[in-house]
Amino acid sequence: MRALITGITGQDGSYLADFLLDKGYEVYGMVRRASTETFGRIEHIRDRINLVQADLLDQLSIINLVEDVKPDEIYNLAAQSFVPTSWNQPVLTGEFDALGVTKILEAIRFLNKKIKFYQASSSEMFGKVRQIPQTEETPFYPRSPYGVAKAYGHFITINYRESYGIHASSGILFNHESPRRGLEFVTRKITDGAARIKLGLADKLHLGNLDAERDWGFAGDYVKAMWLMVQKEKPDTYVVASGQAHSVRNFVQEAFGHLNLDYLEYVVTDPKLMRPAEVDHLLGNASKAKRELGWEPKVDFKKLVQMMVDADMERLRAEKK
Ligand code: NAP
Ligand code: G4F
């Protein structure tokens with residue numbers, strides 16, 4: 001089997017590549033041209049994967065890519081994925097996260113409708129939640145240009161499934177984290193910040209809204225759900241979540257506590273880090289994924305926080321040396 005992953009240099013792309021290589025797949029990754037390489041997360045598998053240049057902004061590059069690679073499965077993980085940036089660059093976010101999806105679906109429709117497709121949809125689409133917990137049936141109320149763009153990507157995936165019979169699935173994934181998470185996302189900012197403070201490399205950590213609640217899981221568990229969706233006979237939509245919500249404050253307490261630090265001495269709230277519109281509470285119900293895909297997460301909240309803190313401590317200790 002041959003899989004093409006867009007966004008292979010990102011957190012999820014790197015875990016999915018690891019997972020598919022273990023399953024014996026031939027893995028191709030789409031990368032965009034940059035003046036310096038951003039391949040840190042896939043360095044360990046660099047000689048086992050094939051990297052091909054294309055960009056979500058360029059339709060012909062996507063068509064050429066799909067024609068050259070001839071994949072059995074495409075996982076569309078590439079996106080402008082940072083919510084605050086979507087207010088500063090709403091048009092770009094729409095180009096990548098909304099129209100970018102159509103460009104890949106068009107390439108499939110044009111070249112080979114048998115290619116199976118996975119779209120990385122997001123719990124951000126639930127935004128100002130209409131129901132608790134959120135399921136596949138919960139209406140969307142996105143609160144950021146990112147969430148709006150992802151809602152388009154979700155519905156165009158369903159539309160190509162229904163209009164052209166393409167095996168196109170959409171995974172509505174709740175927040176998932178890991179030691180490979182980008183440093184600007186709150187979990188990694190906290191674990192990196194706590195480790196820096198512990199090692200005497202920083203004395204304060206500036207954060208925004210500590211009351212927001214998220215349903216956090218481990219990225220390594222969540223990429224398995226993507227693959228399971230693509231293996232199903234019929235394409236569908238699935239919520240993937242841990243089923244537990246924690247506040248940012250809980251995450252901070254757990255991370256600092258793991259290092260025997262009292263977060264109250266170090267964390268400063270900064271109004272500049274508040275968002276124009278916040279998603280206050282996310283909690284997913286992944287019963288359908290558990291029932292129909294047999295998916296079960298292995299890493300719980302406490303284990304996740306500890307794994308991330310330990311990895312940041314190890315990295316920073318090595319850098320300090
Ligand atoms: P990430 O770490 O930010 O990775 C994003 C990837 O997209 C990177 O490989 C990036 O490449 C690539 N990319 C961005 N713009 C591109 C373009 N124009 N052309 C080609 N590649 C482009 O994100 P992630 O956390 O792995 O998330 C993966 C996907 O799942 C995203 O679509 C995200 O929106 C979605 N999602 C994530 C979560 C979560 O909690 N992590 C939850 C729900 C949905 P560069 O290395 O070149 O920047
Ligand atoms: O870690 P975050 O930036 O993630 P957010 O906005 O929930 O988005 C992530 O999850 C989505 C799934 O729901 C993905 F689709 C998306 O691509 C991304 O992976 O922020 C989480 C919460 C927010 O409520 C934010 O206001 O943490 C709060 N927060 C508090 N202080 C902060 C900070 N967020 C960041 N990034 N930085 C802070 O200093």
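Any read-out appearing in this document is the output of simple, stated calculations on the displayed coordinates, not a laboratory observation. For clarity, every value in this text was computed on a predicted model and none was experimentally measured. Methodologically, a virtual Cβ is constructed for each residue, glycine included, from the backbone with ideal geometry; neighbour enumeration extends over all protein chains shown.
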*So what are the stretch 167-222's ellipsoid semi-axes, whole angstrom, largest first, if each one is the square root of 5 times an eigenvalue of the alpha-carbon gyration tensor?*
28, 13, 8
*Count the DSSP beta bridges whose two residues both fall in the chain, then state the antiparallel fraction as a percent rounded to the nearest 5.*
5
*What full-extension length gain, to one decimal in nm, is calculated for Y141 and K321 as 0.36 nm per residue of separation minus the Cα-Cα distance?*
60.0 nm
*Which part of the stretch 112-134 falls in the paramagnetic zone of V52, meaning amide N under 13 Å from the point 7 Å along Cα-to-beta-carbon?*
112
*Calculated P(r) tail over 16 Å for the stretch 41-97, as whole % of Cα pairs*: 58
*With the cut-off at 11 Å, report for the stretch 1-41 the share of all Cα pairs above it, as a whole percent.*
61
*Taking all pairs of distinct alpha-carbon atoms in the stretch 126-208, Kirkwood radius in angstrom*: 15.9
*Net charge of Cβ neighbours under 12 Å - reference S247; Lys, Arg +1; Asp, Glu -1*: -3
*Provide Rg and Dmax in Å for the stretch 88-246, with only Cα atoms included in the calculation.*
17.7, 58
*Taking Rh as the Kirkwood radius, which is the inverse of the mean 1/r over Cα pairs, what is the Rg/Rh value for the stretch 1-117?*
0.96
*If you put +1 on each Lys and Arg Cβ and -1 on each Asp and Glu Cβ, how big is the dipole of the chain around its Cα centre, in Debye rounded to 20?*
200
*Alpha-carbon spread of the chain, three principal axes, descending order, Å*: 58, 46, 38
*Rounded to a whole number of µm²/s, how large is the Stokes-Einstein D of the stretch 162-321 at 10 °C and 1.306 mPa s, given Rh as the Kirkwood radius over C-alpha pairs?*
93
*Setting aside same-chain residues fewer than 8 positions from K128, which lysines have a Cα under 27 Å from its Cα?*
K150, K189, K272, K288, K290, K302
*Stretch R109-E67 to full length: gain in nm at 0.36 nm per residue minus the Cα-Cα span?*
13.9 nm
_Residues of the stretch 76-92 with backbone nitrogen within less than 15 Å of a virtual label 7 Å along the Cα-to-Cβ line of Y164, please, listed as ranges._
76
*Contour minus Cα-Cα distance for Q89 and D22 (0.36 nm per residue)*: 20.4 nm
_If you consider only alpha-carbon coordinates, what radius of gyration and Dmax does the stretch 185-248 have, in Å?_
16.9, 54
*asked:* Tell me the net charge near E292. Cut-off is 12 Å between Cβ atoms, E292 excluded, with +1 for each Lys or Arg and -1 for each Asp or Glu.
replied: +2
*Just add up the charged neighbours of F126: K/R +1, D/E -1, any other residue whose Cβ is under 12 Å from the Cβ of F126.*
0
_Show me the ranking of peptides 250-259, 214-223 by mean Cβ neighbours inside 10 Å, starting with the highest._
214-223, 250-259
